[in-house]
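J.: One structure, as structure tokens, below. Some questions next.
Rule-based calculations on the coordinates, nothing more; no lab input. Quantities reported herein were computed from a predicted structural model and do not represent experimental measurements. Please note: Cβ atoms are built from the backbone with ideal geometry, for glycine as well, and neighbour counts cover all protein chains shown.
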């Protein structure tokens, strides 16, 4: 009986994972997530926001100009003036270009890929990370984050 119950519960869990369930509290669907621009010096990077409540709230705070500090030779971070809703999980692997929330008010931009045991809430991801590491450099830097302008063609 216990084995049958375990199999049923495992089947339900797999079904939920395979269904591609979205964050119920997000006002965006996967297809309508806004794009943002991240400007570092004279370079601009396009990024997409994740389908999370934290990303939706973050988008409401844009535009932002942040002084980001260097940490560990793989990330820049800055404190946000407003706390965001957090739903942290351990990604296991950080990828270059990921924009994450640590705690409820620390924005982190990763420029190196590496394994991690820390937990973060996903905010967004830079689409093309070519030259990101060089643009960020090894010191404190000012980063501007804003909603991407969309053109209306009539």
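J.: Please report the spacing between the Cα centers of segment 97-127 and segment 42-92 in Å, no decimals.
T.: Distance between centres, Cα-based: 7 Å.
J.: Additional query: Multiplying the sequence separation of residue 35 and residue 67 by 0.36 nm and subtracting their Cα-Cα distance, what value in nm do you get? Mind dumping the intermediate values first?
T.: Details: separation 32, 0.36 × 32 = 11.52 nm, distance 2.13 nm.
Fully extending the segment from residue 35 to residue 67 adds 9.4 nm.
J.: Among 111, 118, which comes first, then next, by fewest other beta-carbon atoms within 10 Å? Walk me through the numbers before you get to the answer.
T.: On the way: 111 22, 118 11.
Ascending number of Cβ neighbours within 10 Å: 118, 111.
J.: Taking a ≥ b ≥ c as the square roots of the eigenvalues of the Cα gyration tensor of segment 25-147, is the shape rounded (a/c under 1.5), prolate (a/b larger than b/c) or oblate?
T.: rounded
J.: Would you list 87, 42 from fewest to most Cβ contacts within 10 Å?
T.: Details: 87 15, 42 6.
Fewest-to-most ranking of 87, 42: 42, 87.
J.: Still on this structure: Under 8 Å for C-alpha pairs, at least 6 residues apart: give me the relative contact order for segment 25-147, rounded to a whole percent.
T.: 34 percent
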